[in-house]
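The values are calculated or read from the model by the stated rules, or taken from the named source; none is laboratory data. Keep in mind it's a predicted model, so treat the numbers as computed, not measured. Cβ sites come from the backbone with ideal geometry, for glycine too, and all protein chains shown count toward neighbours. Each accessible area value is taken on the protein alone, full model and side chains, heavy atoms only, with ligands, DNA and RNA left out. Shrake-Rupley method; radii C 1.70, N 1.55, O 1.52, S 1.80 Å.
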Amino acid sequence: MIRVLLVDDDALVRAGLRLMLASANDITVVAEAQDGTEVTDLVAHHQPDLVLMDIRMPGMDGLEATRLLRARPGAPEIVMLTTFTTDGYVLKALQAGAAGFLLKHTPPHQIIDAVRRAATGEPVMSPDALGQLITAATASTPRQPAPAALTHADAQQQLDQLGAREREVALAVSQGRTNAEIAAELYMSVPTVKSHISHILARLELNNRVQIALLVYRAGRL
């Protein structure tokens, strides 16, 4: 079972998400929170595999809660939920360590699929959010941390730290390939693909596959 923590200040939204996820026989909601300040304690107590988190909340918003949670060892994957993508939060959420970004009006079957994919470490992104991400990643953002603010040369230099096989895996990740697809394309086992991705994340000090894709994009390898 994929264990999910719901975080949203709107009780009706939480109820809708809980009902939606209950229709999947491999997903269970283990807890709910209405504010980012509750997240760390609930994660420690319930040990979810995934957190579905709203961005705009009173008290502590989803961005700060994500930063705090992802800084802890063994943190669950986090998918951000929002009503709009025009608030400039997409890139900030991914840089904070979120594994994806979904609009709340995303069809239920797509949210369920996104939960399954994100729980395995794969990136998930609403099309509207992806468009904003590409725009933000190519803009001048001097105050934002790597990889989005890296120059073309810096991004290339970071990728050059990887071995040839790891660079092939990084490129495949940036193209949205699943672990199984990468394994078939590069003639390696799925565990080997996972090992390469873990090494890439550790060596380049990145949080997730989305940040690998951003780095590859900035390096002009796509």
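The calculated FRET efficiency for the pair Arg56 and Asp113, based on their C-beta separation and a Förster distance of 25 Å, comes to about 0.55. Overall form of segment 15-63: oblate. Here a/c, set by the Cα gyration tensor axes a ≥ b ≥ c, is 1.5 or more, and a/b is not larger than b/c.
The Cβ shell under 10 Å around Ala96 holds other residues with a net charge of +2, Lys and Arg each +1, Asp and Glu each -1. Here the simple spin-label model places points 7 Å from the Cα toward Cβ, and for Thr120 and Leu12 these points are separated by 3.6 nm. Placing a label point 7 Å from the Cα of Asp26 along the Cα-to-Cβ line, the residues of segment 98-117 whose backbone N sits under 12 Å from it are 113-117.
In plain terms, the bigger the Kirkwood radius, the slower the diffusion; for the chain, with that radius from Cα pairs, at 4 °C and 1.567 mPa s, Stokes-Einstein puts D at 73 µm²/s. Here's the picture: charge each Lys and Arg Cβ at +1 and each Asp and Glu Cβ at -1 in the chain, and of Gly220, Met125, Ala44 the one pushed furthest to the positive end of that dipole is Gly220. Using +1 at the C-beta of Lys and Arg and -1 at the C-beta of Asp and Glu, which of Ala75, Leu94, Val29 has the Cα lying farthest in the positive direction of the dipole of segment 15-103? Towards the positive end, the residue furthest out is Leu94. Summing charges over neighbours of Val210, with a neighbour being any other residue whose Cβ is under 14 Å away from its Cβ, gives +4 when K and R count +1 and D and E count -1. Mean-square fluctuations from a GNM of the chain, with a 10 angstrom spring cutoff on Cα atoms, peak among Gly74, Gly62, Gly100 at Gly74. Rounded to the nearest 10 square angstrom, Glu181 shows an accessible area of 90 square angstrom against a 1.4 Å probe.
For Glu185 and Ala75, what is the calculated FRET efficiency with R₀ set at 25 Å and r taken between the beta-carbons, to the nearest 0.05? The value I calculate is 0.25. Considering every alpha-carbon pair of segment 157-222, the percent of pairs per 10 Å bin, from zero through the bin containing the longest distance, is 23, 61, 15.
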